[in-house]
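Inspection log for the structure reproduced underneath, given as structure tokens.
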């Protein structure tokens, strides 16, 4: 890791601030300095959103876990329950795995309406059914009023990896093509538009969706040519490409005009001073694939309902500083960087 | 997006770049200052530098309200926020500005102070209304563009009879700062600034009009072009400056005719005159104390003045001596000239304010343009 990526935390007097949860460099630094140091093992060290490992009885499994603290808990296009399924299913699917089983752990604030809890659980059940996974174990905790905000959900998931597939964030090579599965920024803008302190109305729905079906089609189309996949959640496409550049020790060059962004999302971002490339997605993926398989892969993605707007947006290049560079629609060049600090807290 | 995309059109940009390239004299160089951080941001974000001839240099000016606010004023805000009865409302940009003692508003918030990020001065009014037992202080910063909204907030508070609302006023003035830059004496280790013209901020002129800039054309023979913030606006304004220089003219021209009127916005000007008056002097990061360069609340509105309500006395605070924000804000140095740039000073751990705001010259270069100084960066990292 370069020095600019990793910084020392002040463990004596420092405190956690909101930037440590924002998915940017500050969070990467927190994970490096505190969690990796404490837990250190070779699987964690891979730095993926899931761990992939051989099982004692043969074959490979993946495992992942995620906490959901989204505010508001009901938002246009989804709720905390469906999101808690989609996010975890997607983290498994990004390793090329077939997601199988999920756990669900609820931390509920005293006074939370039972009707809302039922609505969330039903939505969660429906999302699991649609994604073809079972929620097979769970836990329920209640904390005093004021000690949580409504409900927080944590899910873990396991899945199995088809033979011959070894997707990982460190597999991108110069010359590989970068593909996104659809429009960027929908989830973040949908959440933002429903926050009470922003009186801003759009028809934008969150893209929250389980991507395992799309991934299955992609694996069938590109097989071993597929290097890696990742879902650009917090920090958006910009954070994901920067993470991947560092993990794979390459640079990326992307072309702004090729990145699908909905007009309403672009307009909302314009008004709010956000860059859609920094805004979270919950139903999109970034894939890096060998150049020779890229066109066929995009074709296959476009025939899946969750990949109709799939596009090749650029390629991996040699770059010892791991820059993500973009040719702007205007014709100039610029870096696409991690966002510093907090953009939208509690987006997922 | 209608009325936006038209001004970001790549084909038109290439056409305009060709016109600029054809009109600049190859045997001389051109140096213009874009005063405003919004323009700096646009230039970096859209890669405008790549479209300009090599002999046209853009100098990034001090027009970033977050960047020019001295540390002492942030310290004041933190002291206010630490008071148990105070809720401090601030624009998000200010949260991470480094203050004395390794503090920032964000760290003060993590340590328990009640600090809220707002998008508008009226959000602060709403917070005051819904929290009658809290003293809500609005941390007002910005140039002439954000001054009228602060005045509106004050008048709204007055009309609603809100007793728990006050303003910590840090509004500053564009033309005064421009003059300070032109009047600045060169120092032994910093070259004089050879600014040949200014790209002027159109949102400021939407309020104050064009007349306050006439002095630069008349007394300093510096052309000023009031420019919009879309990339084609900026490029066209640069072309207008090139033409003035080539024709040895010095005039105040308006590129942003779709919103800026010569006389500005009379209603906004009158409202600000009613509420604010000039401070005798105000400390600017990079420029030092500049007489009559900032606003405070008039005595008639002293009730709403947080400096009076909480007896704020700003203590001077030293910048990090290695930080080049001052020279960068004056246009005498470029971000990559600072040895902290990209080593200890990055947007995550900013040392100077130019690295904090997205409109700051250092943040813009780091976030969008540092691939251009790749060698320098690598050299700096190796030596650090």
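Tell me, which strands (runs of 3 or more DSSP E) wholly within segment A:170-286 include 1 or more residues that are within 27 Å of residue A:131 (Cα to Cα) and either under 12 Å from the mean Cα position of the chain (by Cα) or within 13 Å of chain B (Cβ to nearest Cβ) (or both)?
A:226-230
When the residues of segment A:328-341 are filtered to those that are facing another protein chain (nearest Cβ under 8 Å) and touching a strand residue (DSSP E or B) at 6+ places or on another chain (Cβ under 7 Å), which remaining residue is surrounded by the fewest Cβ atoms within 10 Å (Cβ to Cβ)?
Result: A:333.
Could you name every one of the helices (runs of 4 or more DSSP H) located completely within segment B:201-257 that has at least 3 residues being out of contact with any strand residue (DSSP E or B) (no Cβ under 8 Å at 6 or more places or on another chain) and within 17 Å of residue B:33 (Cα to Cα)?
Those helices (runs of 4 or more DSSP H) span B:231-246.
Can you pull out the residues in segment B:135-145 that are in contact with a strand residue (DSSP E or B) (Cβ under 7 Å, 6 or more places away or on another chain) and either surrounded by fewer than 23 Cβ atoms within 10 Å (Cβ to Cβ) or within 13 Å of residue B:91 (Cα to Cα) (or both)?
Answer for segment B:135-145, where residues must be in contact with a strand residue (DSSP E or B) (Cβ under 7 Å, 6 or more places away or on another chain) and either surrounded by fewer than 23 Cβ atoms within 10 Å (Cβ to Cβ) or within 13 Å of residue B:91 (Cα to Cα) (or both): B:135, B:137, B:138, B:139, B:140, B:141, B:142.
Return yes or no: is residue A:282 surrounded by fewer than 23 Cβ atoms within 10 Å (Cβ to Cβ) and out of contact with any strand residue (DSSP E or B) (no Cβ under 7 Å at 6 or more places or on another chain)?
Judged against the criteria, residue A:282 is not a match.
Take the residues of segment B:16-38 that are part of a helix (DSSP H, G or I) and modelled with pLDDT under 95: which is nearest to the other protein chains (Cβ to nearest Cβ)?
The selected residue is B:38.
Is it the case that segment B:210-227 has a residue that's surrounded by fewer than 24 Cβ atoms within 10 Å (Cβ to Cβ) and under 25 Å from residue A:332 (Cα atoms)?
no
Condition check: at pLDDT below 95, touching a helix residue (DSSP H, G or I) at 6+ places or on another chain (Cβ under 9 Å) and surrounded by fewer than 24 Cβ atoms within 10 Å (Cβ to Cβ). Does residue A:203 satisfy that? So that I can check it myself, show each step before the final result.
Working: at pLDDT below 95: yes; touching a helix residue (DSSP H, G or I) at 6+ places or on another chain (Cβ under 9 Å): yes; surrounded by fewer than 24 Cβ atoms within 10 Å (Cβ to Cβ): yes.
Against the criterion (at pLDDT below 95, touching a helix residue (DSSP H, G or I) at 6+ places or on another chain (Cβ under 9 Å) and surrounded by fewer than 24 Cβ atoms within 10 Å (Cβ to Cβ)), residue A:203 qualifies.
For segment B:302-331, name all the residues that are closer than 14 Å to residue B:353 by Cβ and free of Cβ contacts under 8 Å to residues at least 40 places away in the same chain.
Listed by number, the residues that qualify are B:320, B:323, B:324.
Scanning for something within 14 Å of chain B (Cβ to nearest Cβ), on the phi < 0 side of the Ramachandran plot, touching a residue at least 24 places away in the same chain (Cβ under 8 Å) and more than 17 Å from the chain's Cα centre (by Cα), does segment A:299-307 turn up at least one residue?
No, every residue in segment A:299-307 fails to be within 14 Å of chain B (Cβ to nearest Cβ), on the phi < 0 side of the Ramachandran plot, touching a residue at least 24 places away in the same chain (Cβ under 8 Å) and more than 17 Å from the chain's Cα centre (by Cα).
Would you mind finding the one in B:59, B:43, B:115, B:125 that is part of a strand (DSSP E or B) and within 14 Å of chain A (Cβ to nearest Cβ)? First the steps, then the outcome.
Numbers: B:59 fails: within 14 Å of chain A (Cβ to nearest Cβ); B:43 fails: part of a strand (DSSP E or B); B:125 fails: part of a strand (DSSP E or B).
Criteria check complete, one pass: B:115.
List the strands (runs of 3 or more DSSP E) inside segment A:21-129, counting only whole elements, that have at least 1 residues being surrounded by 24 or more Cβ atoms within 10 Å (Cβ to Cβ) and touching a strand residue (DSSP E or B) at 6+ places or on another chain (Cβ under 6 Å).
A:60-68, A:98-109
Is it the case that segment A:312-327 has a residue that's assigned to a loop (DSSP other than H, G, I, E, B), under 18 Å from residue A:185 (Cβ atoms) and away from every other protein chain (no Cβ under 14 Å)? Spell out the reasoning first.
Applying the first criterion (assigned to a loop (DSSP other than H, G, I, E, B)) to segment A:312-327 yields A:318-323.
Filter once more, keeping what is under 18 Å from residue A:185 (Cβ atoms): none.
For segment A:312-327, residues assigned to a loop (DSSP other than H, G, I, E, B), under 18 Å from residue A:185 (Cβ atoms) and away from every other protein chain (no Cβ under 14 Å): absent.
Exactly one condition in (1) in a helix (DSSP H, G or I); (2) buried (at least 21 other Cβ atoms within 10 Å of the Cβ); (3) more than 12 Å from chain A (Cβ to nearest Cβ) is not met by residue B:331; state its number.
(1)
Residue by residue, here is whether (1) closer than 23 Å to residue A:88 by Cβ; (2) in the same structural domain as residue A:96 (by TED's automatic domain parsing) holds:
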residue: A:120; (1), (2): yes, yes
residue: A:153; (1), (2): yes, yes
residue: A:166; (1), (2): yes, no
residue: A:169; (1), (2): yes, no
residue: A:218; (1), (2): yes, no
residue: A:225; (1), (2): no, no
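Considering (1) in contact with a helix residue (DSSP H, G or I) (Cβ under 8 Å, 6 or more places away or on another chain); (2) modelled with pLDDT of 90 or more, say which one residue A:8 fails and leave the rest.
Going through the list (1) in contact with a helix residue (DSSP H, G or I) (Cβ under 8 Å, 6 or more places away or on another chain); (2) modelled with pLDDT of 90 or more, residue A:8 breaks only (2).
Of all residues in segment B:90-104, which are at the interface with chain A (Cβ under 10 Å from one of its Cβ atoms) and in contact with a helix residue (DSSP H, G or I) (Cβ under 7 Å, 6 or more places away or on another chain)?
Correct list: B:93, B:95, B:96, B:104.
Taking the residues in segment B:3-15 that are facing another protein chain (nearest Cβ under 9 Å) and outside any helix (DSSP H, G or I) as candidates, determine which candidate is modelled with the highest pLDDT.
So the residue we want is B:9.
The values are calculated or read from the model by the stated rules, or taken from the named source; none is laboratory data. This one's a predicted model, so the numbers in the text were calculated from it and none came from an experiment. Using ideal geometry, Cβ is built from the backbone for each residue, glycine included, and neighbour counts are taken over all protein chains shown.
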